[in-house]
Each structure stands twice: as structure tokens, then as C-alpha cells.
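Following: one structure in C-alpha cells, then a few remarks.
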Amino acid sequence: MLFHIIKFMLILLGCVLSGLLLADDLPVCFNYGCTETAVIQFQPDQLARIQLLFKHAENAEDERHSLAMATGVMQMMAARQSPIGNDKGGNYADDGVHGRMDCIDHSRNTTGFMKLLEEHGWLKFHHVDSPVKRTPLIVNEHWAAQITEQASGQAYTVDSWFFDPGHPAAVFALSEWKNGASPNE
């Protein structure tokens, strides 16, 4: 009898561990300046859909397009599990709403999403860097996630702040972004 109980417990433990190994937990932050966090979970079927976005990326430009799309998809998945679903692009349409995100929140969350992609080996042409900021005016500081193309060393930003969750991120060469590039121009 004891043998069967131990066997059952080992099988149960194996099932639990298998589930933990297949899903990925990731913190997302919100309410401006990452003052609050929630842990979201990407299930295996969600990760498989995200991986498909990179299946046909044959060069660095394709991969940047895939990263923009994946950021939107991952934000939407996270929005279903956390208050970030209340976020609106920019900082004004969601003022005071629980779950709102400023550029600091967006840059950290997007960096986390991209690091997860990198850990899974889905990025072949870029590596993920720390978030970067620009300060064209003293009071106009702005943050974005950053990647670097491996072959050329060219840095790019992946900026989701401009849009509601689910929209593909804007990708700019770092030099353009530092000069104020915006998808609204």
C-alpha cells in the first residue's frame, strides 16, 4: 500500500513539475514607474502561437517585425491576466486608471517579453539589452526597450508606449528614436 501511495505522489509531482516547466511566469509592472506588479503566465499553447511569429524571420529586419508583433500579442495575453488591460496608448487617455502604464512600465515589460523570447532561442539576429532613455527636453524623458542586431551592432528600440495593449510595437533605429522618432509622425 505504501508503495502505491509513493508511486502516486511521484506521478503527481511529475505532472505538476511538467506543467511548471512548460508554462512561463513573468512579472509585468504598471501604475506608472512600475509601482505595482502582477505575475502573468504564458501557457504552452500561447507560447506556440508566439513562436510562430518567428518561423519565417529570415533576416534581422524580419525578426524586428516579428518582435513588434510579438510584443503586441504578449501584451494582449498579459492584459487578460492583469490590470494592464486598462492601459491606453500614451499617458493621457488612461490618467488615474488602475493598470495604466507609462513609458517606464512599457520599457520594462517589453524587455521582459523579449528576454523570454531570447531564452526560448527564438531570436536569431538580435540580443536584448537594458531599456534606454531619451531626454530631448529636460521635462520630456522617454524610455523604451532596446535590442541590438548581432551582425551589425546596430541598436534599435522596441517601443509599445504609443499604443493600446495588443497593437504591434514601434521599432526604430536607436539614433532615430533618440532624435524623437514617433509612429505619429
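Here is a check on your reading of the model: is Gln146 exposed (fewer than 15 other Cβ atoms within 10 Å of the Cβ) and touching a strand residue (DSSP E or B) at 6+ places or on another chain (Cβ under 8 Å)? No, not satisfied. Could you tell me which residue of region 33-70 is farthest from Trp143 (Cα to Cα), considering only residues that are β-branched (Val, Ile, Thr) and out of contact with any strand residue (DSSP E or B) (no Cβ under 6 Å at 6 or more places or on another chain)? Ranking the candidates gives Ile50 first.
Within region 48-59, being surrounded by fewer than 19 Cβ atoms within 10 Å (Cβ to Cβ) and part of a helix (DSSP H, G or I) holds for Ala48, Arg49, Gln51, Leu52. Number of residues in region 155-183 that are among the polar types (S, T, N, Q) and free of Cβ contacts under 8 Å to residues at least 40 places away in the same chain: the value is 3.
Inspection of region 67-85 identifies at least one residue that is surrounded by 14 or more Cβ atoms within 10 Å (Cβ to Cβ) and not in a helix (DSSP H, G or I). Within region 96-137, being under 30 Å from His56 (Cα atoms), touching a residue at least 60 places away in the same chain (Cβ under 8 Å) and outside any helix (DSSP H, G or I) holds for His120, Trp122, Leu123, Lys124, Phe125, His126.
Bear in mind that the values in this text are calculations on the coordinates, not laboratory data. Quick caveat, the model's predicted, so the values are computed rather than measured. Note: ideal-geometry Cβ built from the backbone for every residue, glycine included; neighbour counts use all protein chains shown.
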